[in-house]
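For reference, the structure discussed in these notes is given below.
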Amino acid sequence: MVPETHSSMNSKSVKPRITRHPDGISAVDAEYVRPGHAAVHIIRHNGRGAFVDTGTNYSVPYLLAALEELGIARDAVDYVFLTHVHMDHAGGAGLLMQQLPNARMVVHPRGMPHMIDPSNLVAASQAVYGEEQFRRLYGDILPVARERVVSVPDGFRCELAGRELELIHTPGHALHHYAIVDRAHACIFTGDTFGISYRELDTSQGPFILPTTSPSQFDPDQLISSIDRLMSYAPESMYLMHYSRVTGTPRLAESLKSQIREFVRIVGDCAELPDAHNAIRAAMLQLWLKLLQQQGSTCASDDVAQILETDLELNAQGLLIWFARQRRSNLSGVG
């Protein structure tokens, strides 16, 4: 089941949670999992608009209502940029594109086939979430017409009403991951490459950040290299899917890289244990609690565990999948 489709979709029946940032950028709560968990970004420039990611099918009415509130006509949206095609970022892409007659979807070449025919993507996601949970979170995933999907190379530049945006390949979370660089405004839309930072965990020292290592293409070396590439642009702010704008990027980048290295140590220590998954979860939670305490957080441990429940689960899965892949690779290289 999905929300109303086609021209009958009524955006007036919902009230979007919008956070307005500098430079014509707004974050719209995707209403995924819980408020403040996932943000879809809208860039407004000279009367034209672009989306960065889409959330799920259930996000789409909120996105359309946000367009109306921001004064952007549906036919004035030129682009839907997908950082990658994981369901929380792209599950609503097909439904949203039906409502935006002039928009082109811009995606990594590896992601393009999954937008045109999402069946394999759905099967892979159902393997992670289970069929019942998948349908509850995402509904029926709709395809996008081939002629409306544009796959672009690393370093591709396009203009939104004179505003230049550059797409750069940032693997590590996913092989098909792009970030969208807005050089003129010293900001980058990072998808999941620059981690996760929930506003509930902010402290007087600033945002708290953590890497996302969810299944199934996590690679620590790639992810650290991608973070370094993002920082080579000297961004003043990053716009994350989870959740929106963060500043103080040099500190956050160093924290992310340090945690990624610690995750590698944790999975190495825990992978052979009888209950490796839960051992990794427990070690990861203890790491985050320690880092939060060092940052001056007063959040109770139980509250932190609840806020980070989804991330603990998916990160543990992703680390074990990566470890198994490394072990297979090492064994195949023997002799």
Scan A179, A234, A174, A161 and give me the residue that is buried (at least 18 other Cβ atoms within 10 Å of the Cβ) and under 25 Å from P22 (Cα atoms).
A179
Go through (1) among the charged types (D, E, K, R); (2) under 13 Å from the mean Cα position of the chain (by Cα); (3) not in a helix (DSSP H, G or I) one by one and return the number of the condition K15 breaks.
(2)
Please count how many residues of segment 223-245 are part of a loop (DSSP other than H, G, I, E, B) and in contact with a Phe, Trp or Tyr (Cβ under 8 Å, 6 or more places away or on another chain).
2
Take the residues of segment 72-114 that are assigned to a helix (DSSP H, G or I) and of a type in the set (D, E, K, R): which is nearest to S214 (Cα to Cα)?
D88
Of the numbered conditions (1) crowded, with 20+ Cβ neighbours inside 10 Å; (2) among the polar types (S, T, N, Q); (3) closer than 20 Å to Q317 by Cα, N120 satisfies every one except a single condition; which is it?
(1)
Expected output for segment 37-54 (first residue on the phi < 0 side of the Ramachandran plot, partner among the polar types (S, T, N, Q) and assigned to a strand (DSSP E or B), Cβ below 8 Å, 6+ apart or cross-chain) is A39/T19; A39/S244; H41/S26; H41/S244; I42/S26; R44/S26
Considering only residues of segment 304-335 that are farther than 15 Å from S214 by Cβ and in contact (Cβ under 8 Å) with a residue 60 or more places away in the chain, which is nearest to the chain's Cα centre (by Cα)?
I307
Residue check: is R265 in a helix (DSSP H, G or I), surrounded by fewer than 15 Cβ atoms within 10 Å (Cβ to Cβ) and free of Cβ contacts under 8 Å to residues at least 24 places away in the same chain?
yes
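Just so you know, all these numbers are worked out from the coordinates, no wet-lab data involved. Nothing here was measured: the structure is a model prediction, and the numbers come from that model. Note that each Cβ is placed from the backbone with ideal geometry, even for glycine, and that neighbours are counted across all protein chains shown.
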